[in-house]
Amino acid sequence: IAALDDGVTIDEAIVISEAIEQAVNRLQAEFIELLLLTGEDLSEQQILDFLAELDRQQQEFAEERLVRDEETYAADAAKSLEGLAKRLLGRLDEAQQSLIASRSKELMRIDRLWYDDRTVWGATLRTILETRAPDWQSDVRALSEARSSARTPAYVAGIDHNGDIILELLVDIINGRTERQDRKMRRFLNGLIADIDALTIGDVAEALVVE
């Protein structure tokens with residue numbers, strides 16, 4: 001928070017984004033453990049219903065997202081980024097909205113790459129759940145942990161490219177914020193820090209016990 005007084009740099013934004021990503025990854029790992037615990041009591045029909053829902057979501061994504069032209073894709077990206085900026089700063093002025101619209105056109109289209117990646121992941125998960133071999137829970141954990149490393153080079157390049165553009169955009173908007181937006185952002189960040197602390201408190205407690 002203190003860094004806001006002198007302006008945020010790209011390096012500082014990267015550190016913040018990595019901290020948030022780590023917290024999210026820990027939360028996802030805990031969520032998977034909860035699902036696995038619940039999954040032990042699921043019937044065959046419930047497993048099939050779950051897999052059918054994954055298939056439905058894939059089909060819905062393809063029908064709604066993959067059919068977009070480039071102009072619509074950029075407009076949707078701008079809308080998402082504007083929503084993110086509004087959560088952080090509140091109401092945006094015309095210059096900020098124009099900046100978001102302009103930078104959104106520089107984003108690489110990765111919806112097809114996301115779809116293909118999730119298709120491969122879903123097929124592997126289906127095999128694990130339909131077979132449910134001894135210690136199948138370990139297979140699910142391994143699948144989750146390998147999700148990032150299993151991405152294709154093209155998908156990784158797209159994620160990195162878009163991540164750089166989004167971080168640069170947010171830094172520019174943050175450093176050009178108004179006093180009203182500054183107050184809103186500080187409230188938002190204080191709440192976010194509290195959320196991250198809540199996610200990491202278990203790790204801290206575990207470390208103290210081990211030491």
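The values are calculated or read from the model by the stated rules, or taken from the named source; none is laboratory data. All of these numbers come straight from a predicted model, not from anything done at the bench. Glycine also receives a Cβ, built like all others from the backbone with ideal geometry; neighbour counts cover every protein chain displayed. Heavy atoms of the whole protein, side chains included, go into the accessibility calculation; ligands, DNA and RNA do not. Shrake-Rupley method; radii C 1.70, N 1.55, O 1.52, S 1.80 Å.
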| task | Would you be able to tell me the number of residues in the range 99-116 that are out of contact with any Gly (no Cβ under 6 Å at 6 or more places or on another chain) and open to solvent by less than 40 Å² (accessible area, probe 1.4 Å)? | result | 5
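Give the range 142-172 a look and list any residue that's among the polar types (S, T, N, Q) and either in a helix (DSSP H, G or I) or closer than 28 Å to Ala95 by Cβ (or both), or say none. Give the derivation first.
Filtering the range 142-172 for residues among the polar types (S, T, N, Q) gives 144, 148-149, 152, 162.
Hits for the range 142-172 are Ser144, Asn162.
Within the group Gln57, Gln45, which residue is farther than 23 Å from His161 by Cβ, in a helix (DSSP H, G or I) and under 23 Å from the mean Cα position of the chain (by Cα)? Please lay out each step first, then the result.
Working: Gln45 fails: under 23 Å from the mean Cα position of the chain (by Cα).
One residue alone meets the criteria, Gln57.
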| task | Quickly run through the range 30-42 and pick out the residues that are among the aliphatic types (A, V, I, L, M) and either closer than 28 Å to Arg109 by Cα or not in a helix (DSSP H, G or I) (or both). | result | Leu42
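Give the range 117-126 a look and list any residue that's touching a residue at least 60 places away in the same chain (Cβ under 8 Å) and open to solvent by 30 Å² or more (accessible area, probe 1.4 Å), or say none. Please lay out each step first, then the result.
Initial filter on the range 117-126 (touching a residue at least 60 places away in the same chain (Cβ under 8 Å)): 118-119, 122, 125-126.
Arg118, Thr119, Arg126 - these are the residues of the range 117-126 that are touching a residue at least 60 places away in the same chain (Cβ under 8 Å) and open to solvent by 30 Å² or more (accessible area, probe 1.4 Å).
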| Out of Trp121, Trp114, which single residue is assigned to a helix (DSSP H, G or I), aromatic (Phe, Trp, Tyr) and within 30 Å of Ile174 (Cα to Cα)? | Trp114
| said: Going residue by residue through the range 72-86, is there one that turns out to be assigned to a helix (DSSP H, G or I), at pLDDT 95 or above, touching a helix residue (DSSP H, G or I) at 6+ places or on another chain (Cβ under 7 Å) and within 13 Å of Asp111 (Cβ to Cβ)? | reply: no
| If a residue has to be under 19 Å from Ala133 (Cβ atoms) and either open to solvent by less than 90 Å² (accessible area, probe 1.4 Å) or among the polar types (S, T, N, Q) (or both) to count, how many in the range 39-49 make the cut? | 6
| message | Kindly evaluate Leu129 against the criterion of being touching a residue at least 12 places away in the same chain (Cβ under 8 Å), assigned to a helix (DSSP H, G or I) and buried (at least 16 other Cβ atoms within 10 Å of the Cβ). | response | yes
| task | Could you tell me which numbered condition Arg177 fails, if it satisfies all but one of (1) in a helix (DSSP H, G or I); (2) within 20 Å of Val8 (Cα to Cα); (3) open to solvent by 40 Å² or more (accessible area, probe 1.4 Å)? | result | (1)
| remark: The number of residues in the range 9-24 that are modelled with pLDDT of 70 or more and open to solvent by 80 Å² or more (accessible area, probe 1.4 Å) is 5
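Sort through Leu54, Leu88 and tell me the only one that's in contact (Cβ under 8 Å) with a residue 24 or more places away in the chain and either closer than 30 Å to Ile128 by Cα or among the hydroxyl-bearing types (Ser, Thr, Tyr) (or both). Step through it out loud before you land on a result.
Working: Leu88 fails: either closer than 30 Å to Ile128 by Cα or among the hydroxyl-bearing types (Ser, Thr, Tyr) (or both).
Being in contact (Cβ under 8 Å) with a residue 24 or more places away in the chain and either closer than 30 Å to Ile128 by Cα or among the hydroxyl-bearing types (Ser, Thr, Tyr) (or both) holds for just one of Leu54, Leu88, which is Leu54.
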